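The values are calculated or read from the model by the stated rules, or taken from the named source; none is laboratory data. All values derive from a computational prediction rather than experimental measurement. FYI the Cβ positions are ideal-geometry reconstructions off the backbone, even for glycines, and counts take in every protein chain you see. Accessible surface areas use protein heavy atoms only, side chains included; no ligands, DNA or RNA. Shrake-Rupley method; radii C 1.70, N 1.55, O 1.52, S 1.80 Å.
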Amino acid sequence: MEKAKQEPIIKVKNLFKSFKVGENKIEAIRGLDLEIFPEDFIVIFGPSGCGKSTLLNVILGLENPDSGEVTVRGTKIANLTEDEKGSFRARKFGMVYQMPNWIKSMNVLENVAAPLIIEGLKMKFALEKASAILKSLEIECLSGQFPTQLSGGQQQKVELARALIANPWIIMADEPTGNLDSESAEDVMNLLKKLNEQEKRTIILVTHNDDYFNRGTRRIEMRDGKITKDDNHG
Ligand SMILES: Nc1ncnc2c1ncn2[C@@H]1O[C@H](COP(=O)(O)OP(=O)(O)OP(=O)(O)O)[C@@H](O)[C@H]1O
Ligand SMILES: [Mg+2]
């Protein structure tokens, strides 16, 4: 279990990312280095606006950095075309947001299957896989309902199912429990823990809730676009 001997699954090197807003330049990430290891369950926290979501978006290839480099399992994200980035994102990352984005005309089962269908897999296979994942999360009873009719906690679990459908290496969750009551939030946290420990998925969780700071394997504090504390480096 020596972490130092493991190859990082994600490497972020000297990353800078700014946004132009009118005349102003907002420096969201200001020289950030980070190595994430396959077995990590990282909890990222820090004040609003310190660059947490921006960091996730750059790792996902949704935002291009000003300078610096992101490598995911040996692949330099900057070397991919936009199409390749989309496909890489869909296959390697499972995303869970505070406000899930649903295809409103589809029921739960179809929404969970959607990423596979978009990737060109057969409908029957995609639906079977979706059904198996809903079952493993013990929410198969929601299959026929429409996501927008579900409670926040139920939607969050369905979103997690959808994030898992492509068998991703890495699950990123940006404030997934922000809108949930404490019991539903606890369920979601337990699911993430289980995915990390039993399914060996790398988890990156952003949260403001200090109840969850110690629930991962590694805490990272961000401030002003930089990492100010990291359990891995004391
Ligand atoms: N698309 C964008 N255009 C312009 N500015 C942006 C954009 N995205 C982020 N920013 C700015 O970059 C900075 C970092 O934003 P970011 O969303 O990463 O913060 P955060 O740490 O996720 O905050 P929160 O905890 O509130 O979600 C903020 O000043 C924000 O206003
Ligand atoms: Mg954010």
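Skip the ligands, DNA and RNA, and give the accessible area per residue of region 86-187 with a 1.4 Å probe, whole Å².
With all protein chains present, region 86-187 gives 48 Å² per residue.
Per DSSP H run of at least 4 residues, take -39500 (n - 2.57); add these up for the chain, divide by its residues and hand me the 222 nm value, nearest 500 deg cm²/dmol.
-9500 deg cm²/dmol
For the chain, just the Cα set please: Rg and Dmax, both in angstrom.
In Å, with Rg to one decimal and Dmax whole: 17.7, 52.
For the chain, find the longest principal axis of its Cα atoms and tell me its angle to the long axis of helix 108-118, 0 to 90°, nearest 10.
Around 60 degrees separate the two axes.
Probe 1.4 Å, all protein chains in place: accessible area of residue 121 in Å², nearest 10?
70
In nm, to one decimal, how far is the modelled label at residue 231 from the one at residue 186, with both set 7 Å along Cα→Cβ?
2.1
Would you work out what percent of the accessible area of region 3-233, with all protein chains in place, is carbon or sulfur (probe 1.4 Å)?
47
What is the sum of charges around residue 206, taking Lys and Arg as +1, Asp and Glu as -1, for the other residues whose C-beta is under 10 Å from the C-beta of residue 206?
Values: positive: 52; negative: 174, 175.
Summing Lys/Arg as +1 and Asp/Glu as -1 gives -1.
Calculate the length of the line joining the C-alpha centroid of region 149-191 to that of region 32-59, in whole Å.
Computed from Cα coordinates, the inter-centre distance equals 18 Å.
Please list, or write none, the lysines whose alpha carbon is within less than 20 Å of the alpha carbon of residue 76, excluding same-chain residues fewer than 8 places away.
11, 13, 17, 85, 92
Charges at C-beta only: +1 for Lys and Arg, -1 for Asp and Glu. How large is the resulting dipole of the chain about its Cα centre, in Debye rounded to 20?
560
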